[in-house]
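Colleague: Shown below is the structure under consideration.
The values are calculated or read from the model by the stated rules, or taken from the named source; none is laboratory data. None of the values given here were measured: they were computed from a predicted structure. With ideal geometry, Cβ positions are generated from the backbone for all residues, glycine too; neighbour counts draw on all protein chains shown. Please note that ligands, DNA and RNA were not included when accessible areas were found on the heavy atoms of the full protein model with its side chains. Shrake-Rupley method; radii C 1.70, N 1.55, O 1.52, S 1.80 Å.
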Amino acid sequence: MDPHPLILGGTNRSTPSVIPVSNPYSLVTFAEVCAAGPDEIEEAIRTAEQGAIRMAALPAHKRSDLLFHLARLMEEEADILTDIIVREGGKVRKFAATEVSRAIGTIRISAEEAVRIHDQMVPMDGYPAGEGRIAMIMRVPVGIVLAITPFNLPLNQICHKAGPALAAGNSCIIKPPSATPLTGLKFGELLVRAGFPKESVSVIPCRSDIAERMATDKRISCLSFTGSPSVGWHLRSITPARHVTLELGGNAAVIVHEDADQTLAATRIIEGAYSHAGQVCISVQRVFLHRSIADRFIYELVSRCNALVTGDPEDPATDVGPMITPDKAEEALQRIEEAVSQGARVLCGGRLSGHLLLPTILADTTPDMAVNCEEVFAPILTVTSYESFEEAIAMVNDSRFGLQAGIFTKDLGLAIHASKTIQCGAVLINDIPTFRIDSMPYGGVKESGIGREGPYYAIREMTEERLVIIRP
């Protein structure tokens, strides 16, 4: 097979080094992509410097038009994008199609926000020396944005970085994940077709050490990273970039209080725990149930979990597909077995079917077990009962992560109290932490990251203030 070229400065480039791409379900290697080395990295950054100049010179309405054109091209290629995501990522087709639809929306929102970046007047005549002067704060692009993205949302995560970066007038170097690089390369192809200055677009598959070399280059102005906490915090400690956004891990929790709509809660929890095979940083991982409803609610969860179909992501009947690699499934199984050896009970799942991990529910876990205190990034759910609402909040907060949390209750007072006391970037009332719309501010506290995504909020991360004083 001929390796797929990378995209350097809007132009296809072949290299001798390649990365194999395998189907997570069939385990067949069906493609190879060219991987960048030090020479390509240096050329990409030099080219991006020129791209940043060209993008900054484009008026906002032209940047907006280009992004709208990109969204239309993505719509035309939606089926192809969906096919690629299913094939290289193992994502169930219905969820892959949803991701493509969301990604198109993310680009449209970015196009809208491109013409809403506004300046701010600064009063000057409050002091005698400022009399007669006019001042404003302008928001200007930072320069080069390096976007490092994960395998689990291979298209929409790129759009959440490249869309705002280009809307703000920056150039963008995209480092797609090695497991799912074809989606990023297809997106790069559409960027070029949409008419963006070629110098502003590079999609660079590469090894992690090469990516780190980019992140530590002083010409990179903004690092936007989504991935594991260990890698993200390491990059932050070594990058000279003035602007850093990290979207990292979580072990998202849900509280189901005694007055909750239990049917709604069970339906949403099952969807939030097992869509994308649990490989989302806001997948439902920990569920806390009021003791008065725990037994019957657990029965409902187990019944719904057992009804899920695990198998081929191409099959429309499939609910849960494979994890990204068999090794990751084995790691998740080891965590389950470790929890069982420490006293946990498997209520359903807890084993492999071939190389697919079956959706799993664990009871009798403790806070120090890895299935609770770490991010499992797998179709694993733990259930724990509580006596008081304060106890439930304390258990949610007993985590080094703080991305999103969900509360199911009809008591407005409890909902407001939870919103003020739960240590997360977002608290969702009567919904799961897995909920996200692409215009909202998205990000965490504690070890879950810094900064916020969502095009409006990301643009603020990818621009900086410049004071202009005019003396007529």
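Colleague: Could you list the square roots of 5 times each eigenvalue of the Cα gyration tensor of the range 144-275, that is, the equivalent ellipsoid semi-axes, sorted largest first and rounded to whole Å?
Modeller: 32, 18, 13
Colleague: Now for a separate question. Taking only the C-alpha atoms, wrap a convex hull around the range 407-472 and report its volume per residue in Å³ as a whole number.
Modeller: 154
Colleague: For a protection proxy built on the mean count of beta-carbon atoms within 10 angstrom, sort 340-349, 372-381 highest first, please.
Modeller: Those peptides, ordered most packed to least, come out 372-381, 340-349.
Colleague: Let me ask something additional. Compute the Kirkwood hydrodynamic radius of the range 16-80, taking the inverse of the mean of 1/r over all pairs of distinct Cα atoms, and give it in Å to one decimal.
Modeller: Answer for the range 16-80: a Kirkwood hydrodynamic radius of 15.5 Å.
Colleague: Just add up the charged neighbours of Val280: K/R +1, D/E -1, any other residue whose Cβ is under 13 Å from the Cβ of Val280.
Modeller: -1
Colleague: Right, next: Under a Cβ-Cβ cut-off of 11 Å, what is the net charge of the residues other than Arg268 that fall near it, where Lys and Arg count +1 and Asp and Glu count -1?
Modeller: It works out to a net charge of -2.
Colleague: Moving on to the next point. Under the rule of -39500 (n - 2.57) per DSSP H run of 4 or more residues, summed and divided by the residues of the chain, what mean residue ellipticity at 222 nm is obtained, to the nearest 500 deg cm²/dmol?
Modeller: So the calculated ellipticity at 222 nm is -12500 deg cm²/dmol.
Colleague: Where only protein heavy atoms count, and the probe is 1.4 Å, what is the accessible area per residue for the range 283-398 in Å²?
Modeller: Ligands and nucleic acids excluded, the figure is 43 Å² per residue.
Colleague: Also, quick follow-up: Could you calculate the contour length gain from Ala394 to Asp209, that is, 0.36 nm times the residue separation minus the distance between their Cα atoms, to one decimal place in nm?
Modeller: 62.7 nm
Colleague: Rounded to two decimals, what is the ratio between the C-alpha radius of gyration of the range 346-472 and 2.2 N^0.38 Å?
Modeller: 1.40
Colleague: Using only the Cα atoms of the range 6-164, construct the convex hull and provide its projected area averaged over every direction, in square nanometres to one decimal.
Modeller: Quarter of the Cα hull surface area: 12.7 nm².
Colleague: With a/c under 1.5 counting as rounded, go ahead and sort the range 234-317 into rounded, prolate or oblate using the C-alpha gyration tensor (a ≥ b ≥ c being the square roots of the eigenvalues; past the cut-off, prolate if a/b is larger than b/c, else oblate).
Modeller: On the way: a/c = 3.76, a/b = 1.62, b/c = 2.32.
The shape class here is oblate.
Colleague: For a protection proxy built on the mean count of beta-carbon atoms within 10 angstrom, sort 147-158, 20-31 highest first, please. Mind showing how you got there, number by number?
Modeller: Numbers: 147-158: 25.5, 20-31: 15.9.
So the order, starting with the most tightly packed, is 147-158, 20-31.
Colleague: Order 190-202, 404-416, 243-255 from most to least packed using the mean count of other Cβ atoms within 10 Å.
Modeller: Descending packing order for the listed peptides: 243-255, 190-202, 404-416.
Colleague: Given charges of +1 on the Cβ of Lys and Arg and -1 on the Cβ of Asp and Glu, with all other atoms neutral, how large is the dipole of the chain about its Cα centre, in debye to the nearest 20?
Modeller: Values: 44 positive and 57 negative charges, 252 e Å.
Result for the chain is approximately 1200 debye, rounded to the nearest 20.
Colleague: Can you give me the angle between helix 38-57 and the longest principal axis of the chain, using Cα atoms only, in degrees from 0 to 90, rounded to the nearest 10?
Modeller: Long axis of 38-57 versus the principal axis of the chain: about 70 degrees.
Colleague: Nearest 10 degrees is fine. How inclined is helix 326-341 to the longest principal axis of the chain, computing both from alpha carbons?
Modeller: Between the helix axis and the principal axis of the chain, the angle is about 40 degrees.
Colleague: Another one. Quick check on the range 294-377: take the gyration tensor over C-alpha atoms, sort the square-rooted eigenvalues as a ≥ b ≥ c, and tell me if it's rounded (a/c under 1.5), prolate or oblate.
Modeller: Note, shape of the range 294-377 comes out oblate.
Colleague: Okay, moving on. Strictly over 26 Å apart at the Cα level, which of Lys62/Lys198; Lys175/Lys218; Lys161/Lys218; Lys175/Lys328; Lys94/Lys198 would you flag in this model?
Modeller: Among Lys62/Lys198; Lys175/Lys218; Lys161/Lys218; Lys175/Lys328; Lys94/Lys198, the Cα-Cα distance tops 26 Å for Lys94/Lys198.
Colleague: Net charge within 15 Å of His118 by Cβ-Cβ distance, Lys/Arg positive one each and Asp/Glu negative one each, not counting His118 itself?
Modeller: 0
Colleague: Using only Cα atoms, tell me the angle between helix 93-114 and the longest principal axis of the chain; keep it within 0 to 90° and round to the nearest 10.
Modeller: Tilt relative to the chain: about 30 degrees.
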